[in-house]
Amino acid sequence: MSSQSPLFRITAENRKSAVLTPSSLSCLSKTATVNLTRGCAHQCVYCYTRGYSSFPGEHTIAVYANTFEKMKAEWQRKRKIPDCVYFSPSSDIFQPIPEVLDMGYNILHWLLNNNVRIAILTKGVIPNRFFDLFAQFPEQIQFQHGLITLDNSILSMFEPGAASAETRISQMRRFIDLGITTRVRLDPILPGLTDDEESLESLCLELEQIGVREMAASVLFLRPVILASLKQNIHDNEIKQKLISRFENKESLAIHAGQSRVFALCCEERRQILDRVRTIAALHQIECHRCSCKNPDLDSSSCQIAGAWTNRGNTLFDLL
């Protein structure tokens, strides 16, 4: 498979490494995770995976064509079966690519029918056939929808290939109507653009009205490659300067269990932003979790990216 679209180039490759692997994020360190691609069609300009050695480059997506078959083969060899599988630490399962959607559907169908619990974070458009599938397994699925603002002009700049705000809100409402646990991930908060009271109030009011009761939040951090991406891809100079100027007094912060360093707003500034989010969210009956993976100096609690499940046994799995 090799194809072209107006937005990106798609290639196919066979995955050599294991499919079901934990993430470097502490909240996913004991969870089986799956990526279907290298690179992501949503092309979020702030995405931390742009700094990975495996990043395929701008506007390029490499699809791991053998993922389903390789995953089933791994499954047969495991001494401990994963209790929960997370999609996806480095890409989105709901990218607007037919090959990815077909493979994602087959994998989810297989896992759910094998009594595996599924946690998904997405910013994509979810086709109806997935809702039909999920409706059969509401207690086995927990969703986080990434939504940083209701302002589509900002979304189109920072997440050009992702779903509109209206689509994400509509999808969340459908999940809640199906009885599926649904949270929002307000990550990243863009300093100077989406952290003001008016923006947060309108977002939380909308979430309250559709029945969302939990969110996780974190503030944008920078690496050199992310800063370069912002400079290259954000063409509104006023917005670009407004955001980047907030990092003039940045500090170095160790994240991902201390294995990686980023440039972040100072601790007190992040605390003020996240406290503002938490206060406004509480006024709308929404519990806000700070992402401790990205704010180890502020919190030690979980952002529940892999779901918050009642215990039904050992969630550890054999990595060999």
**Message:** Starting from the 7 Å offset along Cα-to-Cβ, what nm value, one decimal, do you get for the label separation of Val225 and Lys78?
**Reply:** 2.8 nm
**Asked** What shape does the range 4-76 take by its C-alpha gyration tensor, where a ≥ b ≥ c are the square roots of the eigenvalues and a/c under 1.5 counts as rounded, a/b above b/c as prolate, and the rest as oblate?
**Response** oblate
**Prompt:** Where the centroid of each part is defined by its Cα atoms, how far is the range 139-179 from the range 211-237 in Å?
**Reply:** 16 Å
**Message:** Let me see the P(r) profile for the range 62-132: every Cα-Cα distance counted, bins of 5 Å, each bin given as a percent of all pairs.
**Reply:** 3, 14, 27, 28, 18, 7, 2, 0
**Count of Lys pairs (Cα-Cα under 27 Å; at least 8 positions apart or interchain) in the chain** = 29
**Asked** Rg and Dmax of the range 6-147, using alpha carbons, in Å: what are they?
**Response** 14.5, 45
**Message:** Can you show me the helix-derived [θ] at 222 nm for the chain, built from DSSP H runs with n ≥ 4 at -39,500 (n - 2.57) apiece and divided by the number of residues, rounded to the nearest 500.
**Reply:** -10000 deg cm²/dmol
**Request:** Calculate the radius of gyration of the Cα atoms of the range 191-270 to one decimal place, then report Dmax, the largest Cα-Cα distance, as a whole number, both in Å.
**Result:** 15.0, 40
**Request:** Report the one residue of Ser245, Ser91, Ala73 whose Cα lies farthest in the direction of the positive end of the charge dipole of the chain (charges on C-beta: Lys and Arg +1, Asp and Glu -1; origin at the Cα centre).
**Result:** Ala73
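What's the Kirkwood radius of the range 71-206 in Å, using all Cα pairs? Mind dumping the intermediate values first?
On the way: mean 1/r = 0.0621 Å⁻¹.
It works out to 16.1 Å.
Ratio of Rg to Rh for the range 233-302, alpha carbon only, Kirkwood? Write down the numbers at each step before the final one.
Values: Rg = 14.3 Å, Rh = 13.8 Å.
Ratio value, two decimals: 1.04.
Dividing the alpha-carbon Rg of the range 87-127 by 2.2 N^0.38 Å yields what? Walk me through the numbers before you get to the answer.
On the way: Rg = 10.1 Å, N = 41, 2.2 N^0.38 = 9.0 Å.
That ratio works out to 1.12.
What is the Cα radius of gyration of the chain over 2.2 N^0.38 Å, N being its residue count? Write out the running numbers ahead of the final one.
Working: Rg = 18.8 Å, N = 320, 2.2 N^0.38 = 19.7 Å.
The value comes to 0.96.
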**Message:** Between Arg173, Arg129, Arg223, where does the largest GNM mean-square fluctuation fall for the chain, given springs only between Cα atoms within less than 10 Å?
**Reply:** Arg129
**Message:** Given all pairs of different Cα atoms, what value in angstroms does the Kirkwood hydrodynamic radius of the range 142-285 take?
**Reply:** 16.1 Å
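Read-outs: derived from the displayed coordinates by stated rules, not from any lab. No experiment lies behind these values; they were computed from the predicted model shown. Methodologically, a virtual Cβ is constructed for each residue, glycine included, from the backbone with ideal geometry; neighbour enumeration extends over all protein chains shown.
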